[in-house]
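Scroll down for the structure; my scribbles are underneath it.
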Amino acid sequence: MMFQLMSSQFKIFIREPGVLFWVFGFPILMAWVLGIAFSGDQPKEHIVALVGGSTQLEALVAQGRLSKTGPDLELKIEGLGNELVKLRPLEESEALSSLRRGNLELILEERAGELVYRFDPRSEAAKGVFLLLSRGLNQQAQTRPERVEVISAKGGRYIDFLIPGLMAMGVMNSCIWGIGWATIELRMKKLLRRMVATPMPRYALFMAQFFNRVLISSLETAILFFFAWMYFDITLQGSFALFLLLMLCGNLAFAGIAVLMASRTANTTVGSGLVNLVTMPMMILSGVFFSYHNFPEWSWPVLSHLPLSLLADGMRAIMHEGAGLAQVGVKMGLLVFTGLVTFWGGLKLFKWY
Amino acid sequence: MEPVIRLQGVTKQFGKLTACDGLNLEIYRGQFVGLLGPNGAGKTTLVEMIEGVQAPDQGFIYLFGTTWKDNRKGLQGRIGLSFQETRFFDKLTTFETLNLFASLYGQPAQRAKDNLELVHLGDKADTWAADLSGGQRQRLALGVALMNDPEILLLDEPTTGLDPNSRRDLWEILKKVKTRGTTLILTTHYMEEAEALCDRILFMDHGKFLADGSLTELLSGMGLTEMIHFELAQPLDKTSLPKELLGLDWHLDETGRQGHIKVESVILSLPLFLDWIEERGHVLKQLQSRRMTLDDLFVSMTGRGLIESP
């Protein structure tokens, strides 16, 4: 009996090709993406801002203990795997805005002979870079005075990075589930064909879905924002109207992607696979939870143009840097373009019956 | 009179399978047409082509003299339909579902209320669609199909899988709809459904129409409309039959003990049969006589499931 139960359950499992992909294919794909493509033999690089220069570090360069590539001072960390810290000389304002965008985790300064590490200790990544760098420098020379300065100013904390990312992810999930998944379900139930058998114009269906999503994701964002304001004192530096407009562009992009995703299938198992296929890579690669600057530098131009990256980066810029249309206009344009192209493609492929 | 539905040489193929094979048909206003046939006969394909969901490979379909290609919007407003199985939004109530479709057809909310009563779901107005029984769900689908007070109503197996009471309930609603002058095409594989509702019956098998007419026309077309079923203790010896009985349409099974005779009139033939049984000393184990039904007719036309003739 046990055998029959197991064998029938096993057959049901392996006869669902979508499930097979998610169980066997997807983990391997993810392992490849995160493990091989993005690490391989290359050392893992960490970029640290060096503000105001440092006589101590220059001395290390002169002694041949630090190498210099272009403007960057490079420190190879021994005994902790293949890690490379690049100290990049930056102006303070530039360093802070890079920190806010999540492009780097830590700022190093020399003040009166003392090395000051500035970062948000609540970010595990920042703490990791600090420990690496501090250990690496101490390996190279006798102990020197050093100090940690906690960055708790608004904009530079991990939570400041996280909140806009979560808002962007909310918009994505709302559209992919609320339009994509919902449409697949309509088709599966034959409700879609029943609805288009009425004189309802077909665009009305998509319009209603889109406006619903705009409404729901606005509500979602507002609640998250209120929460972040209450607990973390997060405020909106830039224009509220611009932020709304950016969100609208984001909704449009993901609505288009959702329609394309839902254009053919009537099978909800395949549907949930598609949902994961669209959302999972972006959740990892688009810098929602951690910056895509943790991936190798060659991938940044690609990753920063993923729709979720465009939206999250744009939201961060408006929220924490007070960015205006000039700074986020291109992102908005790209989002709208993505939305229109995918919507058009989705409509071309769309199976109504 | 101009037919409301006209098919001209309609053919539809799926790969090697010909679902509809050069069909010609005219249906007139107010007719209730039953499309009967076994599974795979091509009924659903035909209905979906009339619904405009599928397009024929060859031939033409005219509704009110126009085609789906020429006037989709116009036709959608005049046609009501219900697919073989439609599931509605699980968490919309019966009334909300009807109200949604009322708006899609450009009808006021009052129409949703009217149809709620028409399909006997008044007491289920606030029930979620997920909680409706099979029969109630089919009545909801019918309520949706009738939303635009359609001139043509197309129902694909509306009572398949329903219990007899739910089935009869649906028939009562359709009889009420008939008084409005609606034209109906209904597919079914329940012969009694066609007998109860339809004034015109089309037999379909292998993508072709086998017969077309009213119930009485179809049955009387066979000439012999009544049957005597019997079972004997010993095999029957036909050679000793009197010629009045020998000329009838006999069907015996392989044991020779069971079978039926198709007759013009049981009243005339039964006494002769019984006399002969007694004369030969046969022992009757069972005897039944009845009018022929559409089932008998269908079986005799397709040859399927027929008791082998001796």
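Okay, here's what the table says:
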{"item": "In Å, descending, principal axis extents of the Cα set of segment A:105-172", "result": "51, 21, 13"}
{"item": "Span-like helix ranges in chain B, DSSP H, alpha carbon extent 18 angstrom or more, Kyte mean at least 0.0", "result": "B:266-280"}
{"item": "Reachable lysines from B:LYS16, criterion Cα separation under 19 angstrom, eight or more residues apart if same chain", "result": "B:LYS43, B:LYS208"}
{"item": "Average beta carbon contacts from partner chains per residue of B:83-90, 10 Å cutoff", "result": "4"}
{"item": "Calculated from backbone phi, Karplus (6.51, -1.76, 1.60) coupling profile of segment A:192-207 in Hz, x at Gly/Pro", "result": "4, 5, 5, 6, 7, 7, 8, x, 4, x, 5, 5, 4, 4, 5, 4"}
{"item": "Dipole magnitude of segment B:223-291, debye to nearest 20 (Cβ charges: Lys/Arg +1, Asp/Glu -1, about Cα centre)", "result": "120 debye"}
{"item": "Amide H within-cut-off set for A:VAL148, under 5 Å, with H built and near neighbours excluded", "result": "A:TYR117"}
{"item": "In segment A:239-338, the chymotrypsin sites (Phe, Trp or Tyr not before Pro) that fall in loop regions by DSSP, at most 15 other Cβ within 10 Å", "result": "A:PHE289"}
{"item": "Placed amide H near B:ASP249: partners under 5 Å, 5+ positions off or other chain", "result": "B:LYS262"}
{"item": "Label-point gap, in nm, between B:ALA55 and A:SER67 - each point 7 angstrom along Cα→Cβ", "result": "6.6 nm"}
{"item": "Cβ-derived FRET efficiency at R0 41 Å, B:ILE277 paired with B:THR179, nearest 0.05", "result": "0.25"}
{"item": "Total formal charge among the other residues, if their Cβ is under 13 angstrom from that of A:ILE77, Lys/Arg +1 and Asp/Glu -1", "result": "+1"}
{"item": "√(5λ) per eigenvalue of the Cα gyration tensor, segment A:254-353, largest first, Å", "result": "28, 17, 10"}
{"item": "Relative frequency of Cα-Cα separations exceeding 12 Å in segment A:69-120, percent", "result": "71 percent"}
{"item": "Debye log10 I(q)/I(0) for the protein assembly as shown, one point scatterer per Cα, at q = 0.08 Å⁻¹", "result": "-0.80"}
{"item": "P(r) tail fraction, segment A:159-349 - alpha-carbon pairs more than 32 Å apart, %", "result": "16 percent"}
{"item": "Table column - 3J(HN,Hα) (Hz), segment A:324-333, Karplus curve with 6.51, -1.76, 1.60, x for Gly and Pro", "result": "x, 4, 4, 7, 9, x, 5, 4, 4, x"}
{"item": "log₁₀ of I(q)/I(0) at q = 0.06, 0.07, 0.08, 0.12 Å⁻¹ - chain A, Debye sum with one point per alpha carbon", "result": "-0.30, -0.40, -0.50, -0.95"}
{"item": "Projected label distance in nm at A:MET230 and A:HIS305, using a 7 Å step from Cα toward the beta-carbon", "result": "4.1 nm"}
{"item": "Value at 222 nm in deg cm²/dmol, rounded to 500, when DSSP H runs of n ≥ 4 in the protein assembly as shown each add -39,500 (n - 2.57)", "result": "-14500 deg cm²/dmol"}
{"item": "Cα-based Rg / Dmax (Å) for segment A:44-150", "result": "12.6, 35"}
{"item": "Proportion of all alpha-carbon pairs of segment B:92-149 beyond 20 Å (%)", "result": "10 percent"}
{"item": "Mean Cα-pair separation over length for segment B:92-149, i.e. relative contact order, pairs under 8 Å, 6 or more apart, %", "result": "48 percent"}
{"item": "A:ILE14 versus A:PHE289: modelled label distance in nm, points set 7 Å from Cα along the beta carbon direction", "result": "3.2 nm"}
{"item": "Long-range amide H partners of B:GLU226 with built H, under 5 Å", "result": "B:VAL263, B:MET292"}
{"item": "Relative contact order (%) - chain A, alpha-carbon pairs under 8 angstrom, separation at least six", "result": "19 percent"}
{"item": "Distance histogram for segment B:223-291 (every C-alpha pair counted, 5 angstrom bins, percent rounded to whole numbers)", "result": "4, 17, 32, 30, 15, 3, 0"}
{"item": "For the protein assembly as shown, size of Cβ-based charge dipole, Lys and Arg +1, Asp and Glu -1, in debye", "result": "1180 debye"}
{"item": "Value of Rg/Rh across chain B [Cα atoms, Kirkwood radius]", "result": "1.08"}
{"item": "Whole-angstrom gap from segment A:105-131 to segment A:214-261, using each part's C-alpha centre", "result": "32 Å"}
{"item": "Relative contact order computed over segment B:223-291 (Cα-Cα under 8 Å; 6+ residues apart), in percent", "result": "51 percent"}
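Taken together, the values in this text are just the output of simple stated rules run on the coordinates, not laboratory data. Predicted, not measured: the structure shown is a model, and the values here were computed from it. Counting neighbours? That spans all protein chains shown, and the Cβs are built from the backbone with ideal geometry, glycine included.
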